[in-house]
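Quick note: the coordinates plus some simple rules give every number you see, no bench work behind them. The structure displayed is predicted, hence computed values, not measured ones. Quick reminder, even Gly has a Cβ in these numbers, built from the backbone with ideal geometry, and neighbours come from all protein chains shown.
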Amino acid sequence: MNSPLIAPSILSANFARMGEAVSEIDRSGADWVHIDVMDGSFVPNLTFGPKMVSDLRPYTRLPFDVHLMIQNPDSLIPAFAEAGADYITFHLEAVIHAHRSVQLIRNLGKKPGISIVPSTPVSHVEELLPYVDQILIMTVNPGFGGQSLITTCLNKIKQLVSIRKAKDLSFLIAADGGINQETATLVRNAGCDVLIAGSAFFSAQDKNGLVHALKGEVF
Ligand code: DX5
Ligand code: ZN
């Protein structure tokens, strides 16, 4: 099994020092910067908009993985694309015409992703799998960092691995929420390609060591 990609989430950084947080991610050996956008409606919390993404863009060349936890994502997708997002992931539960949103992201030259909350089954995204670059499995209820991983969600990762193989598709499978050194083993063993970690990353003293540990690389 290949090492998974690691995507630290700036949700757990100090919002008054975001540029520095992105520089820390850059120096840590992590692969992507995960940017959680919340609107106070789809989830009961608020974070930031496209200006944060454009202001952070000069701090790293790592891909920006923008996770939209917002209603009506189509209205803001162009602004996030313009701001410097690489992956743009929206929630299936926030849209009616998910295929249209995927095409919108693709037509803007960005990599589309779809996320599902813990209560949404994999079967709800099955028709969309040929069109996306990423499926993001929420392993906590979205809205806050620092929650515990819901282990039943790991089955969804295994289901996606097997559908991807059966249909000869190539989307990445990401897991988001409650990932730390201990739970990372479970997520990796389920076959996940991208591990998103907020509180585990920003609370770690040795960020480089944590990234290696999350990848399952032992020295
Ligand atoms: C939660 C966000 C996550 C969050 C994960 O709604 O989507 O990306 O930052 O935080 P931890 O790793 O602390 O569970
Ligand atoms: Zn996220």
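Of everything in the range 37-88 that is buried (at least 21 other Cβ atoms within 10 Å of the Cβ) and β-branched (V, I, T), the residue that is farthest from ligand 1 (Cβ to nearest atom) is I77. Quick one: would you say A21 is within 14 Å of ligand 1 (Cβ to nearest atom), in a helix (DSSP H, G or I) and either out of contact with any Leu (no Cβ under 6 Å at 6 or more places or on another chain) or of a type in the set (A, V, I, L, M) (or both)? Yes: the conditions hold for A21. If the condition is being touching a helix residue (DSSP H, G or I) at 6+ places or on another chain (Cβ under 9 Å), assigned to a helix (DSSP H, G or I) and surrounded by fewer than 24 Cβ atoms within 10 Å (Cβ to Cβ), then the range 201-219 contributes F202, S203, K207, N208, V211, A213, K215.
For the range 49-69, check the following and say yes or no: at least one residue is within 16 Å of ligand 2 (Cβ to nearest atom), within 19 Å of P142 (Cβ to Cβ), in contact (Cβ under 8 Å) with a residue 24 or more places away in the chain and part of a helix (DSSP H, G or I).
Filtering the range 49-69 down to residues within 16 Å of ligand 2 (Cβ to nearest atom) leaves 49, 52-53, 56, 62-69.
Pick out the ones that are also within 19 Å of P142 (Cβ to Cβ) and you get 49, 52-53, 64-69.
Filter once more, keeping what is in contact (Cβ under 8 Å) with a residue 24 or more places away in the chain: 49, 52-53, 64-69.
Still in the running and part of a helix (DSSP H, G or I): 52-53.
Yes, the range 49-69 contains a residue that is within 16 Å of ligand 2 (Cβ to nearest atom), within 19 Å of P142 (Cβ to Cβ), in contact (Cβ under 8 Å) with a residue 24 or more places away in the chain and part of a helix (DSSP H, G or I).
I need every pair where a residue in the range 124-149 that is of a type in the set (D, E, K, R) has its Cβ under 7 Å from the Cβ of a residue that is more than 8 Å from ligand 1 (Cβ to nearest atom), sequence separation at least 6 or different chains. Correct list of pairs: E126/I163; D133/Y87; D133/K111; D133/P112; D133/G113; D133/F171; D133/L172. Going by the conditions given, is V43 β-branched (V, I, T) and touching a helix residue (DSSP H, G or I) at 6+ places or on another chain (Cβ under 6 Å)? Against the criterion (β-branched (V, I, T) and touching a helix residue (DSSP H, G or I) at 6+ places or on another chain (Cβ under 6 Å)), V43 does not qualify. Suppose the filter is hydrophobic (A, V, I, L, M, F, W, C) and assigned to a helix (DSSP H, G or I); does I35 pass it? No.
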